[in-house]
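First comes the structure, then the notes that go with it.
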Amino acid sequence: MQALTVSSPTSSKTLAPRSVPSWLDTGSYPFDHRYLELPQGRMHYVDEGRGPTVLFVHGTPTWSFEWRHLIQALSATHRCIAPDLLGFGLSERPEHFDYSPEAHARALAAFVDRLGLEDFTPWSCMTMAVPSRCRSPSSIPSGCVGWSSSTRGCGASSRSRTWCAGHGW
């Protein structure tokens with residue numbers, strides 16, 4: 001059984017123990033499991049290390065497990081945050097969520113806001129809208145991040161910009 005941590009910008013609280021799925025290889029994915037209650041649903045994430053923050057966002061159909069080696073390597077010098085988008089990995093699969101790229105962008109923006117992230121480096125292999133509080137990816141040694149100033153109709157707030165890597169929809 002593993003404790004469930006629900007976080008907000010100002011506090012975390014541990015709830016009753018929760019078992020991880022039997023299919024999860026905890027040796028390969030040895031992180032504490034955290035959950036954030038968002039208007040769209042409960043989002044799972046890992047938050048490891050200290051230092052400048054790196055926000056890892058997986059593509060589809062993957063999840064934060066994709067970033068496990070980078071999290072382990074960078075957490076010695078960086079705070080590594082890796083959410084599972086709704087419907088993926090260990091996050092909730094709400095029936096009312098529409099699972100479009102735009103809906104995922106809004107949920108990610110809510111996630112960033114709830115954690116109170118002000119200055120972070122995004123690292124992704126898909127296009128997402130994130131608040132303009134992002135810093136240049138130059139502080140990270142290599143990666144697939146590129147920038148775009150267009151929101152491409154994602155419905156994100158005016159404080160957002162689109163960042164893309166790999167695919168660039």
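Quick notes on this structure:
- Distances between placed amide hydrogens fall under 5 Å for Gly51 paired with Arg79, all partners being 5 or more residues away or on another chain.
- Taking a ≥ b ≥ c as the square roots of the eigenvalues of the Cα gyration tensor, segment 86-126 is prolate, since a/c reaches 1.5 or more and a/b is larger than b/c.
- Rounded to the nearest whole Hz, the Karplus-based 3J(HN,Hα) values (6.51 cos²θ - 1.76 cosθ + 1.60, θ = phi - 60°) of segment 50-60 follow the sequence 9, x, x, 7, 10, 9, 8, 10, 6, x, 10, with x at glycine and proline.
- Sites matching trypsin sites (Lys or Arg not before Pro) across segment 20-89 that sit in DSSP coil, with at most 12 neighbouring C-beta atoms within 10 Å: Arg50
- Applying the criteria of a DSSP loop state and at most 11 other Cβ atoms within 10 Å to the chymotrypsin sites (Phe, Trp or Tyr not before Pro) of segment 22-98 yields Trp23.
- The convex hull built on the alpha-carbon positions of segment 21-105 has an orientation-averaged projected area of 5.8 nm².
- Evaluating 6.51 cos²θ - 1.76 cosθ + 1.60 at θ = phi - 60° for every residue in segment 90-98, the Karplus couplings come out as 9, 7, 5, 10, x, 5, 7, 7, 8 Hz, glycine and proline recorded as x.
- HN-Hα J in Hz across segment 34-44 - Karplus 6.51, -1.76, 1.60, θ = phi - 60°, x for Gly and Pro: 10, 9, 10, 7, 10, x, 7, x, 8, 9, 7
Here, each number is a calculation from the coordinates, and none is a lab measurement. All values reported here derive from a predicted model rather than from experimental measurement. In this analysis, Cβ positions are derived from the backbone assuming ideal geometry, glycine residues included, and neighbour counts consider all displayed protein chains.
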